[in-house]
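The values are calculated or read from the model by the stated rules, or taken from the named source; none is laboratory data. What you see is a predicted model; the values in this text were computed from it and never measured. Cβ coordinates were reconstructed from backbone atoms using ideal geometry, including for glycine residues, and neighbour counts include every protein chain displayed. Just so you know, the surface numbers come from the protein's heavy atoms only, side chains and all, with ligands and any DNA or RNA stripped out. Shrake-Rupley method; radii C 1.70, N 1.55, O 1.52, S 1.80 Å.
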Amino acid sequence: MRKLLILSFVLIGLQLETVSAANRSTEQIATFCKVWGFLKYYHPAVAHGKFDWDREFMDRVEQVAKLQDKAEVSAFYSEWIGSLGTVKDCRKCVNDLPDSCKRNLDIDWITDTALFSNDLIQVLTHIRDNRNQGRNRYVSKTPLIGNTSYRREKPYKDSVYPIKAMRLLSLVRYWNVINYFYPYKYLMDVPWDSTLTYMIPKFRDAANVMDYHLALWELTGRINDSHAFFDTPYASKYIGYQTPPFTYKVYDDRVVVNGVYNDSLTQLNGIQLGDEITDWDGKPIADLILARSRYVAASNHAIVLREMYDLLDGNTDSVEVIIEREGVQIRKRVARYFYNDLHYDWRKEDESKGDLYNVLEGNIGYMNLGKLKFWQVNHVFRKLKDTKALVIDVRNYPMGTMSGISRHLNTERLPFAFFTIPNLKYPGAFRYTKSDLTGHHNKHPYKGKVILLFNEETQSHGEFTLMALQTAPSVVGVGSQTAGADGNVSWVNFPGNYRAYFTGLGVYYPDGRETQRIGIVPDVVVNPTPKGIRDGRDEILEKALELLKEE
């Protein structure tokens, strides 16, 4: 018995030692990631492209994982940085920036005495204060806009499942791009440093191509940005290639059928509009949402649910489901189909999205910005100028019409938004632009009340359009929270040449209010109901018309 106890204690000790070694390795790789990224954007010789910086990472990452203590760490980095050449004093460097420009800047770790020796800290702070002020091989600005571009990063096109060092390169390339140039890092749910240590084991230990691609997918979702588009064929394989014959909207814990891909197949499976699915393939919908949400890039919960359009997809021909219909639970089997077998025509959906413009009952004008083109704006306003009120539908992606519309609604030029742009001369810091203006000196503007319709489908340019239109007098917003992702989009590639997108500019109201994650906030909140879907009603438009009737 005593021998068994001793053996148990030995095994426990070995397990703890293994865990401790793994944690130490992760911490050392995390530190290396930060130093590598800092030098990439700050050290003049590195920034100018005098070294193959990807190769420097891949050749050294195994070495740093084995470093044991501060003395070894400091000696390693001191020797490495010394080999890059002398950093001359910088007369152009502006180090005194207002705090408002530095809320994303987080490089205090370079002075952490628990990590580095005092001599190494002096070297790192010298590089910070005398950083690169010229071009940077790895990052540039998009002309006339200001968001960042990373087109010179190597794509490694054949690296579908790269070796461990290159898998970690994928992580640190993306992590540092977001760390220095993502305008909303300060708004993330989880601190970006924590994401680094969380994701290192997932990239390092990815056992196969699927594990690697799921790690990429999860990483991009952790910036809480509805612009963080990312996809690979392996993500599609993970979700599955077969789908039910109907469309649906996901609520907090259930799925509501709101349309069909194929009417006859939907009827064959006994599904009706408004059916509420509470259990799918033996799993509650809430559990499916939770499992899937880790791979969803979304600024807010409304977009998490919006992006669940493939929640019911899979790789089996049919599933057992529980449906609630008018208070009665029905258990049944529902078939899934390959998309091409549904023979769905997307053009019919576009045709069903309402008129370009119309005059509704009560002399209410209606305008659909998803269809309205810039050259049509004046014509439509001439047709609607005598209406008593105007409903502008922005539950879509507008087609560049906001300035034309504002000229008809406003009597003067007004500020509606300003931007924050990455400061490439001080990576991690941002600079502010002057406010954008909208409207026109117009003596004869539209005189009726204006209601703006929006919901989770309103994103990016749609949100920017709403900000401009909100400057007009007598404007009321009706609907629900928008996507919370405004500003021009940037992208960077992962090995395998897979692109990861993100919001590249910060966008704010003139008074400093944020739009990212919050979205555009309606004055009157309206969310569609299962009954409304079942009855084929547009409850947001109905509420707008009800408000106008009360006027």
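So the values come out like this:
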| item | result |
| --- | --- |
| Segments classed as strands (runs of 3 or more DSSP E), wholly inside region 353-443, with at least 3 members that are more than 26 Å from the chain's Cα centre (by Cα) | 357-360, 364-368, 389-393 |
| Region 115-127: number of residues that are buried (at least 16 other Cβ atoms within 10 Å of the Cβ), assigned to a helix (DSSP H, G or I) and under 33 Å from the mean Cα position of the chain (by Cα) | 2 |
| Top-ranked residue of region 211-225 - restricted to ones that are out of contact with any strand residue (DSSP E or B) (no Cβ under 8 Å at 6 or more places or on another chain) and not in a helix (DSSP H, G or I), ranked as surrounded by the most Cβ atoms within 10 Å (Cβ to Cβ) | Asn224 |
| Residue match in region 443-451 (condition: open to solvent by 50 Å² or more (accessible area, probe 1.4 Å) and touching a Lys or Arg at 6+ places or on another chain (Cβ under 6 Å)) | no |
| Close pairs from region 527-551: first open to solvent by less than 60 Å² (accessible area, probe 1.4 Å) and among the small types (Gly, Ala, Ser), partner part of a helix (DSSP H, G or I) and at pLDDT 95 or above, Cβ under 8 Å, at least 6 apart | Gly532/Glu539 |
| Residues satisfying the stated conditions in region 512-524, i.e. part of a strand (DSSP E or B) and farther than 22 Å from Asn224 by Cβ | Val524 |
| Filtered residues of region 227-262 (kept if part of a loop (DSSP other than H, G, I, E, B) and of a type in the set (A, V, I, L, M, F, W, C)) | Ala228, Phe229, Phe230 |
| Selected residue (criterion: modelled with the lowest pLDDT) from residues of region 309-347 that are open to solvent by 40 Å² or more (accessible area, probe 1.4 Å) and part of a loop (DSSP other than H, G, I, E, B) | Asp345 |
| Leading residue by the ranking (farthest from the chain's Cα centre (by Cα)) among those in region 486-522 that are of a type in the set (A, V, I, L, M, F, W, C) and open to solvent by 10 Å² or more (accessible area, probe 1.4 Å) | Val521 |
